[in-house]
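To start, the structure under review is shown below, and the notes come after it.
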Amino acid sequence: STDGAPASPASESEIRSRSSNQKESAQSPRDWSHLPELNESNIRAPRRRLTLPVLLFIATCLSTFWVGCTNWRPQLVDPTGENIRQAISTNWQTGLTYMLAVLAILLTHEMGHFLQTVRYRIPASYPLCIPVPFSLIGTMGAVISMDGMRANRKQIFDIGIAGPLAGLVVAAPILYLGVKNLHLDIAPGPSDVQLYNPVIVRWMIQWVHPEWADKAAWISVSQLNPFFMAGWVGMLITGLNMLPVSQLDGGHTIYGLFGRDAYKIARAFTIVAIVYVVLNLEQAAIWTPMLILVILLGIHHPPTADDSVELDDFRWVLGVASMSIPILCFPLQALKQ
């Protein structure tokens, strides 16, 4: 009662009616129509782990800095405290320049992928850098881990091709600075490792230094500068990632272009790669482990969430043109002693 008067006792029929209504309410399903619908736009994405990417990034900074300080000869430095301090104090500027340049290329490449996964709401990790402090280049690049099977065919194309294109935007001017500061008239040392220059590097050397056109194919470690080395590494990583196989960037790209028929290209490429390694045994130690890894991971790209999605004309032209990236950027003969 709202006026303070005592309420009248309920009749027996009213009590039975209320009891019946309560039973029906308990047995019938609840009405959830007043709640907001759950979909991708209002489901909170899982938190990305930050500790491991940060630790790997710091380790790769140290790794590339150290390799630059040793003038890309870490294997020749006696690993004692005095020798390490001397290398750092003498060449810290070279090490710092190389570190900043190569990490700029790596992170730009991976952020190209990462931002596309954010755009399409595909779960993905932050970029994971891979340090290798005793190698010639100080790193094995960087990767992101993503749930690619949630993307459709167009989305996987965009995610795959964004990394190499973004990386090239940074790698090309860095390489130009390196080529501009080359001194190929310096005689290489008798035990120097020599790097094979891919097509795009040879073109740039011939353009900037036409007097060295006959020396453009190979470059000695003693002739390197930090910008050139970072640009060379950028071309290596870009060309390698765009190989048309497995779940490399090139594998994503050809799957976007050709759908499930992409397996024909992947198989043909794998056969050609095996034949090349068998016929070029001097390069086998470099490329065989990578080839085995790709085969073990699977040379075929898995299906996407929706393979029926077609690419528009712009993406189709861009994808076909991008197939030239491995030809231009990949140093097929790698290096020689």
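The values are calculated or read from the model by the stated rules, or taken from the named source; none is laboratory data. As the structure is a prediction and not an experimental result, all values here were calculated from the model. We place every Cβ from the backbone using ideal geometry, glycine too, and count neighbours over all the protein chains shown. Calculation scope for accessible area: heavy atoms of the full protein, side chains included, ligands and nucleic acids excluded. Shrake-Rupley method; radii C 1.70, N 1.55, O 1.52, S 1.80 Å.
Annotations
- Evaluating Thr139 against the criteria (1) buried (at least 17 other Cβ atoms within 10 Å of the Cβ); (2) closer than 27 Å to Phe258 by Cβ; (3) under 17 Å from the mean Cα position of the chain (by Cα) leaves one unmet condition, (2).
- Selection from the range 162-180 of residues that are closer than 13 Å to Trp212 by Cβ and open to solvent by 80 Å² or more (accessible area, probe 1.4 Å): Lys180
- Residue match in the range 104-127 (condition: without any contact (Cβ under 8 Å) to a residue 40 or more places away in the chain and closer than 15 Å to Val233 by Cβ): yes
- In the range 299-337, the qualifying residues are those that are in a loop (DSSP other than H, G, I, E, B) and in contact with a strand residue (DSSP E or B) (Cβ under 9 Å, 6 or more places away or on another chain), and the one that is modelled with the lowest pLDDT is Gln337.
- Meets criteria (among the aromatic types (Phe, Trp, Tyr) and farther than 15 Å from Leu332 by Cβ) for Trp218: no
- Subset of the range 296-337 [without any contact (Cβ under 8 Å) to a residue 60 or more places away in the chain, surrounded by 14 or more Cβ atoms within 10 Å (Cβ to Cβ) and aliphatic (A, V, I, L, M)]: Ile299
- Taking (1) open to solvent by 40 Å² or more (accessible area, probe 1.4 Å); (2) polar (S, T, N, Q); (3) assigned to a helix (DSSP H, G or I) in turn, Thr117 satisfies each apart from (1).
- Residue in the range 18-28 that is out of contact with any Cys (no Cβ under 9 Å at 6 or more places or on another chain), modelled with pLDDT of 70 or more and not aliphatic (A, V, I, L, M) present: no
- Test result for Ala151, in contact (Cβ under 8 Å) with a residue 40 or more places away in the chain and closer than 16 Å to Leu107 by Cβ: no
- The residue that is nearest to the chain's Cα centre (by Cα), among those in the range 159-186 that are modelled with pLDDT under 95 and of a type in the set (A, V, I, L, M, F, W, C), is Leu182.
- Residue match in the range 81-97 (condition: buried (at least 22 other Cβ atoms within 10 Å of the Cβ) and within 19 Å of Gly250 (Cβ to Cβ)): no
- Checking Asn280 against (1) under 28 Å from Arg202 (Cβ atoms); (2) surrounded by fewer than 16 Cβ atoms within 10 Å (Cβ to Cβ); (3) at pLDDT 90 or above, the condition it does not meet: (3)
- Among the residues making up the range 123-158, those that are at pLDDT below 95 and among the charged types (D, E, K, R) are Asp147, Arg150.
- Checklist (1) open to solvent by less than 20 Å² (accessible area, probe 1.4 Å); (2) in a helix (DSSP H, G or I); (3) modelled with pLDDT under 95 applied to Gln75, failing item: (1)
- Of residues in the range 247-277 being open to solvent by 10 Å² or more (accessible area, probe 1.4 Å) and small (Gly, Ala, Ser), the one modelled with the lowest pLDDT: Ala273
- Filtered residues of the range 190-204 (kept if farther than 14 Å from Leu328 by Cβ and out of contact with any strand residue (DSSP E or B) (no Cβ under 7 Å at 6 or more places or on another chain)): Pro190, Ser191
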